[in-house]
Amino acid sequence: MPIRTEPMTVNVGPQHPSTHGVFRLRITFDGEEILEVEPILGYLHRGSEKLAEERNYVQVVTLTDRLDYTSSMINNQAYCLAVEKLLGVEPPLRAKFLRTLVAELQRIASHLVAVGFFIQELGAFGTPLMYAFRSRERILDLFEMLCGARITVSYMRPGGVFADAPPDFWPALTQFMHDFAIEFNEFEQLLLENEILLVRTRGVSPLPPEMAINCSVSGPVLRASGVNWDWRKMDPYDAYDKVEFDVPVGSHWDNYDRFWVRMQEVRQSMRIIDQCVAQIEPGPVRLVDLPLVIRPEAGAEAYGRVEASKGELGFYLVSDGGIAPYRCKIRSPSLINLTVTEHLLVGWKLADMIVSLGSVDINMGEVDR
Amino acid sequence: MYGLAMAKGLMVTLKNLTKKPTTVQYPEERVKQHPRFRGEEFVWYEERCTGCASCAKYCPLGIIKIVTSPSETAPKQGDKYRLEVFDIEIQRCMFCGLCVEACPYDCLFMGSGFEQGKYSRKDMVLHVEDLRQADKHPSTFFRPQLEASGYDPRGGRPLNWREVGRESWRWHQQEKSGLRLEHSPVDTAGSQQESN
């Protein structure tokens, strides 16, 4: 006669050390199997959209740093593109290349964090994460050279970037790209074919392409589900139409593919950076005729979007002719990628729960805003 | 063969075992800091400051408080105000550097420090006296003229107000030559901030 069991409800988070930030999941388990998932958000809500309505257009750049704090350069870029669209201006060519370059550096850093923590959640405490952070540290040093800060960069401004790279930036970047090629080869050698990793992630929590499209998932999660969709290709912004790169697409739709797509994207980012360094030419980096306090005409609306490291990041701005945006809507990829949580988790085991969540690579700063 | 990739991974570990560590023991050793680093301990030059409060208006958090009064000479156009209060609530500062970017007279600079622990919030506020008496080690953030001179705030000597800024302002020229602004009203109409 079987032992009588009953489902148990467990709260994961908001202070659980291995969830991504202050995120709470109320999960009902049957033994080890997940029956029900209820994500509960809002623990990191700061009201960024409302704050943006009370600050002028340049001051909002500092708020965007704090959305997805692992990819602040890309957030800056998305916001600045939106303001430029609102004003109908174009940044100078050198600024475009600099933006593309730092956005790709930031994408590498963000993917290294994602992959490092993904492996840590599988139980490999420390080692692969430290390999990833070793390289990320160097990227943050490069950002410090460019703009004086490592995480909250505020490097870009509507109409360009605030300053040109210092002369010692270029040799440091060349040295980094040389070292990183070796380090990333090591990282791949360590992980990519590892049997434990394959057993734990291959075939786990697949996300079919129809489901991904219907949930409007974007970024590496969408591409791992076999959909070839990348805003850098579909709607090239900044200097992405002047560089060549491939879009890696997964074939099994599972946790391993989401990890694999990120690893391949790092390779493509390295290609883009090399092309940017080869193509960049001296020139101005900021529109000089754009004043510090910008006043777009009343009624103007613009939506600026980029392919951020986690998906499509968009800023929708409405102007009423004042110095601050009338409305600033942020389309954050992490929040929308979270809509598939239930599909990814239900029916799978407790041990795969955090791994699947890590493979989506959410960032609570962006989910709650 | 099962375990082959794991052996490959272990080879990486072995290779890195013999390498030097990439970490440093922080309080004893420090990593090198770039001159452009945006740090605390704002550097402020009273001689250059006119009390225009551009920094206070441009601060996204509104943490700079400025109170001015007319100076002893008549406050003609272009004359400077006497600063009574210049408080920076540094405990709320996010070091975005927009105040430095907004300053048209090159009088406010970022600092280079990052270690400031105090026991109370009141102690965190930088008052005008603290700013006057502080050692001036300005960061080269948003100051291309300082960067071109190769100045490094960590380890460099303190700079005085004549060494840090651009010299395009007639008021400063006259202040330097000891003239007060009694006869020559300064033309402020064409004086937009120079872009870098």
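Every read-out reported here was derived from the displayed coordinates using simple, explicitly stated rules and does not represent laboratory data. Values in this document were obtained by computation on a predicted structure and should not be read as measured data. Every residue, glycine as well, gets a Cβ built from its backbone with ideal geometry; the counts of neighbours run over all protein chains shown.
A few remarks follow.
- Selection count where residues are more than 13 Å from chain A (Cβ to nearest Cβ), touching a residue at least 60 places away in the same chain (Cβ under 8 Å), acidic (D, E) and within 26 Å of B:Q116 (Cα to Cα), scope the stretch B:1-55: 2
- Of the residues making up the stretch A:317-332, those that are over 18 Å from the mean Cα position of the chain (by Cα) and not small (G, A, S) are A:L317, A:V318, A:D320, A:I323, A:P325, A:Y326, A:R327, A:C328.
- Here A:G148 passes the criteria (1) in contact (Cβ under 8 Å) with a residue 12 or more places away in the chain; (2) within 14 Å of chain B (Cβ to nearest Cβ); (3) closer than 30 Å to A:E281 by Cβ except the one numbered (1).
- Condition check for A:I40: under 26 Å from A:L350 (Cα atoms), within 14 Å of another protein chain (Cβ to nearest Cβ) and in contact with a Pro (Cβ under 9 Å, 6 or more places away or on another chain): no
- All positions within the stretch A:30-59 that are more than 22 Å from B:K57 (Cα to Cα), in contact with a helix residue (DSSP H, G or I) (Cβ under 9 Å, 6 or more places away or on another chain) and outside any loop (DSSP other than H, G, I, E, B): A:E33, A:I34, A:E36, A:V37, A:E38, A:P39
- Residue check, A:L173 more than 23 Å from A:E144 (Cβ to Cβ), among the aliphatic types (A, V, I, L, M) and under 23 Å from the mean Cα position of the chain (by Cα): no
- Taking helices (runs of 4 or more DSSP H) as the structural unit, those lying wholly within the stretch A:150-251 and holding at least 1 residues that are of a type in the set (F, W, Y) correspond to A:169-191, A:231-234.
- Condition met for B:Y58 (within 13 Å of chain A (Cβ to nearest Cβ), loosely packed, with under 14 Cβ neighbours inside 10 Å and of a type outside the set (K, R)): no
- Complete set of residues in the stretch A:66-93 that are closer than 20 Å to A:G219 by Cβ, within 13 Å of another protein chain (Cβ to nearest Cβ) and either more than 17 Å from the chain's Cα centre (by Cα) or crowded, with 24+ Cβ neighbours inside 10 Å (or both): A:S72, A:N76
- Residue within the stretch A:209-218 that is facing chain B (nearest Cβ under 9 Å) and hydroxyl-bearing (S, T, Y) present: no
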